[in-house]
Amino acid sequence: MRVDARRMVRACRVPNGPVTMEVSIEGGVVGAAAWGPGAEQALDELPELLGTADDPDALRPRHRAIADLHRRFTGLRIGRTRSVTEAVIPAVLEQKVTGNEAWRVFRNLVRRFGDPSPGPHRLWLLPPPQRLTATPYFDFHAVGLERKRAEVIREVARLSHRLDRVDIESASRSLRSIPGVGAWTIAEVRARAFGDADAVSVGDYHLPKLVCWTLAGEREGGDDRMLELLEPYRGQRGRVLRLLELGGLRPPRRGPRMRSRALERI
């Protein structure tokens, strides 16, 4: 995916086939074009991706910081892709590593096992599930992925027929059956694939500190305290987290940073 202030280009697989879609905005008007066998379907589903079914007014701020962010990002809409496999693979790559490391592994994965996307934009598609399932775990080492996460991705790919294009609770149940997929990963998928405005990624390295600092002025805090502070926003907790992340607020840094590692160089 490529994104700038006025344009998004996205490559993905839909049931009708691979597609590259370009979405732009000019003068408050959205325009779109698409290439590939899945073009018509992707354009039909574009309103969902852009969050037209989302209701930002459902949020009732209880803290000044949230009220300010809600006004500042008044155009925020939480969209949905309807593709669980597409959401869960990056989420698995993000487990217990830095964002930069996860991005590097994702890029390596799509370049090594994926396909060029249709159209003029020269993006890459995630590998199809059957290719991931057929790839032995040790071949993932070359892209920077250790056996544990590689096996999770292979199992996700094997069960992709039970994950994609189903309702949110059915997908969540199927994900819970996969060893290595826990509450954090499921929350990330619920937010990305289904636009769940209440999804809370329990187990995140940064979120509890961000929530505790912004909502209570506390320099330290864990998941339990984060959930306590978010409870008044139940139903909209994921939207609150999204606003906090967009706002760029950060608690004072204490302790060592997470270190990056390049497994493919070992």
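Evaluating 6.51 cos²θ - 1.76 cosθ + 1.60 at θ = phi - 60° for every residue in segment 18-34, the Karplus couplings come out as x, 8, 10, 10, 10, 10, 10, 9, 8, x, x, 10, 8, x, 8, 9, 8 Hz, glycine and proline recorded as x. Put simply, the amide H of VAL14, placed in the peptide plane, has neighbours under 5 Å in VAL19, leaving out anything fewer than 5 places away on its chain. Taking every DSSP helix (H) stretch of at least 4 residues in the chain, weighting each as -39,500 (n - 2.57) and dividing the sum by the residue count yields a mean residue ellipticity at 222 nm of -12500 deg cm²/dmol. Annotation: average projected area of segment 97-175 is 6.2 square nanometres, based on the convex hull of Cα atoms across all directions. Take every pair of alpha-carbon atoms less than 8 Å apart whose residues are at least six positions apart; their mean separation over the length of the chain yields a relative contact order of 18 percent. Binning the C-alpha pair distances of segment 2-54 at 5 Å intervals from 0 yields a P(r) profile of 5, 20, 30, 25, 15, 4, 0 %, listed from the shortest bin outward. Figure legend: label point modelled 7 angstrom from the Cα of ARG111 along Cα→Cβ; residues of segment 141-181 with amide N under 12 Å from it are 143-144.
The charge dipole of the chain, taken about its Cα centre with unit charges on the Cβ of Lys, Arg, Asp and Glu (plus for the first two, minus for the last two), comes to roughly 940 debye. Across ASP54, ASP68, ASP223, mean-square fluctuation computed from a Gaussian network of the chain (C-alpha pairs under 10 Å connected) peaks at ASP68.
Rg over Rh for the chain works out to 0.96, both radii taken from alpha-carbon positions and Rh defined as the Kirkwood radius. Would segment 35-121 count as rounded, prolate or oblate if I go by the C-alpha gyration tensor, calling it rounded below 1.5 in a/c and otherwise prolate when a/b exceeds b/c, oblate otherwise? Oblate is the answer for segment 35-121, as a/c is 1.5 or above yet b/c matches or exceeds a/b. How high is the relative contact order of segment 102-144, given as a whole-number percent (alpha carbon pairs under 8 Å, six or more residues apart)? With pairs under 8 Å counted, the relative contact order is 39 percent. Pairs of Cα atoms nearer than 8 Å and 6+ residues apart set the relative contact order; for segment 2-54 it is 27 percent. The stretch between VAL3 and ARG250, if pulled fully straight at 0.36 nm per residue, gains 86.5 nm over its current Cα-Cα span.
Each value in this text was obtained by applying a stated rule to the coordinates, not by laboratory testing. In this text, all values refer to a predicted model and were calculated from it rather than measured experimentally. Don't worry about glycine lacking a Cβ; one is built from the backbone with ideal geometry, like all the others, and counts go over all protein chains shown.
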